[in-house]
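The values are calculated or read from the model by the stated rules, or taken from the named source; none is laboratory data. Small disclaimer: the values here were computed from a predicted structure and weren't measured. Positions of Cβ are backbone-derived with ideal geometry, glycine not excepted, and every protein chain shown enters the neighbour counts.
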């Protein structure tokens, strides 16, 4: 598991700007989605093209969060990076031959495209394919439309890689006016330095950063939500 370290000057700047550390006082279950990014075999299994060893360590926390969000009335979304047919429209990404194995494994039907077997995926959950790092950038997926149709205004971001697809999705979600919660011990990168750099960036500007336990403790179901919830700063 990553060693979490957010610099004190960043935390101090957040408190000065917001008057407190966390922007959101509570997470209302029916308006919340747990967005699980790219926990596919291509990133999870030893020897795969983009193996992220720490991603295997976060699976218990991801499953705990999924159970808590469902219990509170929210929705769980499992995102799959899908590169089939993307070579021409994303030619810079595929420049050279070094990404050939990644392209092959992130094609539907390939072992690497499948969700990791240790994930607690339930029939009522959503499984959504995306074609760019961010799930929310135009043309990547229909996640934004599907969440808005359910009345979701809060996204809880977990998955891999912290500093690539997870950070990209968090940034774009905030710019689409979602409340963003980034879970510090349920995201995974290739190093502590990369992981913590994203935590500091997201916390400073794009949303709240909390642990799995903190998120679960602050989830409330609809029948516990006050009439005037005061959920934003």
Near pairs, Cβ below 7 angstrom, 6+ apart or cross-chain, from region 166-186 (modelled with pLDDT under 95) to any residue that is buried (at least 24 other Cβ atoms within 10 Å of the Cβ) and in a helix (DSSP H, G or I): none
If we ask which residues in region 175-210 are at positive phi and part of a helix (DSSP H, G or I), their number turns out to be 0
So, in region 14-53, of the ones that are farther than 18 Å from residue 173 by Cα, in a loop (DSSP other than H, G, I, E, B) and touching a strand residue (DSSP E or B) at 6+ places or on another chain (Cβ under 7 Å), which residue ends up modelled with the lowest pLDDT? 26
Go through region 86-104 residue by residue and tally those that are out of contact with any helix residue (DSSP H, G or I) (no Cβ under 9 Å at 6 or more places or on another chain), farther than 19 Å from residue 136 by Cα and either in contact (Cβ under 8 Å) with a residue 12 or more places away in the chain or surrounded by 16 or more Cβ atoms within 10 Å (Cβ to Cβ) (or both). 2
Of the residues 52, 10, which single one is farther than 30 Å from residue 149 by Cβ, touching a residue at least 60 places away in the same chain (Cβ under 8 Å) and more than 16 Å from the chain's Cα centre (by Cα)? 10
Per the list (1) surrounded by fewer than 16 Cβ atoms within 10 Å (Cβ to Cβ); (2) farther than 13 Å from residue 78 by Cβ, residue check on residue 118 breaks on (2)
Looking at region 54-102, which of its residues are modelled with pLDDT under 95, closer than 30 Å to residue 196 by Cβ and part of a helix (DSSP H, G or I)? 101, 102
